[in-house]
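Please read the structure below before turning to the comments.
The values are calculated or read from the model by the stated rules, or taken from the named source; none is laboratory data. Worth saying up front: this structure is predicted, and the values here are computed from it rather than measured. Cβ placement follows ideal geometry from the backbone for every residue including glycine, while neighbour counts extend to all protein chains displayed.
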Amino acid sequence: MTLKLLIVDDEPIERQALQQILQKAFPDFQMMQAKNGREAVEYALKEEPDLVLMDILMPGMTGLEAIELIQQKGIECQFVMVTAFDTFDYAKSALQLGVKDYLLKPTTPKEMTQIIGAIAEKIIAEKQQKQQFEPFIEQAFVSQLLFDAMDSVEDVLPLPLKETTSFAVLMVTFAEQVKGEAVLKKAQQYGVYSGVLYEQRRPFIIPIKEDFRQETMRVAKAFIAALEEQHYSSVAISSQIPSLDELSRGYREAWLVSGVAQRVIYFEDYVQFVPMEADWQAAIDQLDWHKIRLLFQQMTQQKPLAEAREEAFQKLWQVHIQLHQLGLEMGPPTLSFSDESQAQLLKDIFQAIDQLARHEEWLKKRQESDKMQQAKTYIDQHFSEDISLETLAAYLHLNPIYVSKLFKDKLNINYIDYLSEIRIKHAKKRLLEQETSTKEIAYDVGYRDPNYFSKVFKKYTGYSPTEYRKRALAYDEI
């Protein structure tokens, strides 16, 4: 693995000597040089080196000032100080900035290569670990987008999502015991973003460039082809979503029709909505079961059988959607198409309504239990782990949509913001430990990407982790 190394020293001979020694020991390194602190900051912003050898005393901006500014800019790299000053004050300042080691001038080539080699090994190991976790990071921000947490991930969204103005949510339902690794590889090829697998369903976000049907069908067919023929799978596709803020609607639409026994199903094809009269809308919004029964009774008496059956199916879908938005998971509504009279149709409708009403009553009883406290306790105990909204929902035996709504209704905060606040609270305590690097703290409090941790930390505190540590330790010494 190639690493980028930046050598910063105001003496050209020193820079060249360091580069010759290190180039011989590490031929795969990409070497760069900067002649002062200001130039080092410019290189860091442009090239994002993995390791910086920084002289302490230089004209203008000192090495310590340059390190501090680079860290404030959010650049994650390791630093080794090169100095002729072996003093406590310099060592203390460097330690607070997270400097990994320092070399005293003059130093031997052996000592230099040993120190740089050890740090390089750690950097490579961290990069490899980060590559392993990248799919989980992607799934985490996709889940946040699908559950109305746009504000929490806006800073880390990939450019294709930021620049796209139209989207679709695609839901793949896998056969039991099938995780769909082949589908994840196809998603990368097609520029599609994967969410978390939950109850054998995995959501994907598709940025739409031109033709909605053509692009979504191409991805759906590729996903199905990637799965083995003996493993039945289906793909449900939402309507076209005009903005990232509305992706949660796309998720609900795709989930609702994901249980339909078809290889590829579009939400718009399965649910042809008709404008509802005000009385219907009010009854369904309030789940007024008595009023809903009366309206169905009137409708079946006033319309021909075929028309009444079609409209009944549409209205039952609306009731089903209302319950789903409250967090109740169930299969799509069904009606018999063999009814020979309005009376038989009405009987079937009432049976379907009774089933929906029983599910709603069950949901209310579940709501009465203290699920919120269970959720908070679980987060307090597992905040350092990769606990997605789906993970928490599975623990609580609830629908992720309902859990997301629970946080907003009970705590007036979305799930990811609550989890972030808990993590940042623990990170602030850990930053008082001078011997622990910010990267270690990031991993320890549940972040797999130190850059993302720094952005989140600054969002909640107004300071980068390094700035916060410096201020906190300075205050503690007063």
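General observations
- When residues of segment 276-304 are limited to those that are small (Gly, Ala, Ser) and free of Cβ contacts under 8 Å to residues at least 12 places away in the same chain, the one farthest from His320 (Cα to Cα): Ala278
- Condition broken by Ile137, with the remaining ones in (1) over 28 Å from Asp28 (Cβ atoms); (2) among the β-branched types (Val, Ile, Thr); (3) modelled with pLDDT under 70 satisfied: (1)
- Ala84 of a type in the set (Gly, Ala, Ser), at pLDDT below 80 and either surrounded by fewer than 15 Cβ atoms within 10 Å (Cβ to Cβ) or assigned by TED's automatic domain parsing to the domain that holds Val8 (or both): yes
- Flag for Ala306 being more than 24 Å from Leu146 (Cβ to Cβ), over 36 Å from the mean Cα position of the chain (by Cα), at pLDDT below 80 and in the same structural domain as Arg358 (by TED's automatic domain parsing): yes
- Pairing each residue of segment 57-74 that is over 21 Å from Asp101 (Cβ atoms) and modelled with pLDDT under 90 with any residue that is assigned to a helix (DSSP H, G or I) and among the hydroxyl-bearing types (Ser, Thr, Tyr), provided the two are 6+ apart or on different chains, yields C-beta distances under 6 Å for Gly74/Ser454.
- Annotation note: of Ser420, Ser404, Ser384, the sole residue that is under 17 Å from the mean Cα position of the chain (by Cα), modelled with pLDDT under 90 and of a type in the set (Ser, Thr, Tyr) is Ser404.
- Positions within segment 405-437 being in contact (Cβ under 8 Å) with a residue 60 or more places away in the chain, under 19 Å from Gln144 (Cβ atoms) and not in a helix (DSSP H, G or I), in sequence order: Asn414
- Gln281 vs. criteria modelled with pLDDT under 85 and either at positive phi or in a loop (DSSP other than H, G, I, E, B) (or both): no
- Criterion violated by Leu392 - all others in (1) assigned to a helix (DSSP H, G or I); (2) touching a residue at least 24 places away in the same chain (Cβ under 8 Å); (3) within 16 Å of the chain's Cα centre (by Cα) satisfied: (2)
- Selection of segment 119-133 for residues being surrounded by 12 or more Cβ atoms within 10 Å (Cβ to Cβ) and either among the charged types (D, E, K, R) or at pLDDT 70 or above (or both) yields Ile119, Ala120, Lys122, Ile123, Ile124, Glu126, Lys127, Lys130.
- Residue in segment 288-300 that is within 17 Å of Lys186 (Cα to Cα) and at pLDDT 90 or above present: no
- Residue within segment 438-450 that is out of contact with any helix residue (DSSP H, G or I) (no Cβ under 7 Å at 6 or more places or on another chain), within 23 Å of Gln78 (Cβ to Cβ), in contact (Cβ under 8 Å) with a residue 24 or more places away in the chain and of a type outside the set (Val, Ile, Thr) present: no
- Of the helices (runs of 4 or more DSSP H) lying entirely inside segment 1-85, the ones with 2 or more residues being over 37 Å from the mean Cα position of the chain (by Cα) are found at 12-25.
- Within this structure, Met276 fails the test of being at pLDDT 85 or above and either in the same structural domain as Gly250 (by TED's automatic domain parsing) or more than 24 Å from Leu406 (Cα to Cα) (or both).
- Summed over segment 197-223, the residues that are surrounded by fewer than 22 Cβ atoms within 10 Å (Cβ to Cβ), in contact with a helix residue (DSSP H, G or I) (Cβ under 9 Å, 6 or more places away or on another chain) and either modelled with pLDDT under 90 or small (Gly, Ala, Ser) (or both) give a count of 6.
- Of all the residues in segment 237-266, those that are more than 18 Å from Leu323 (Cβ to Cβ) and at pLDDT 80 or above number 16.
- The residues on offer are Tyr468, Tyr418, and the sole one that is among the aromatic types (Phe, Trp, Tyr) and under 26 Å from Glu138 (Cα atoms) is Tyr418.
- Here segment 87-99 is the region considered, the condition is being assigned to a loop (DSSP other than H, G, I, E, B) and surrounded by 12 or more Cβ atoms within 10 Å (Cβ to Cβ), and the residue that is modelled with the highest pLDDT is Val99.
- Within segment 100-122, the set of residues being among the hydrophobic types (A, V, I, L, M, F, W, C) and assigned to a helix (DSSP H, G or I) comprises Met112, Ile115, Ile116, Ala118, Ile119, Ala120.
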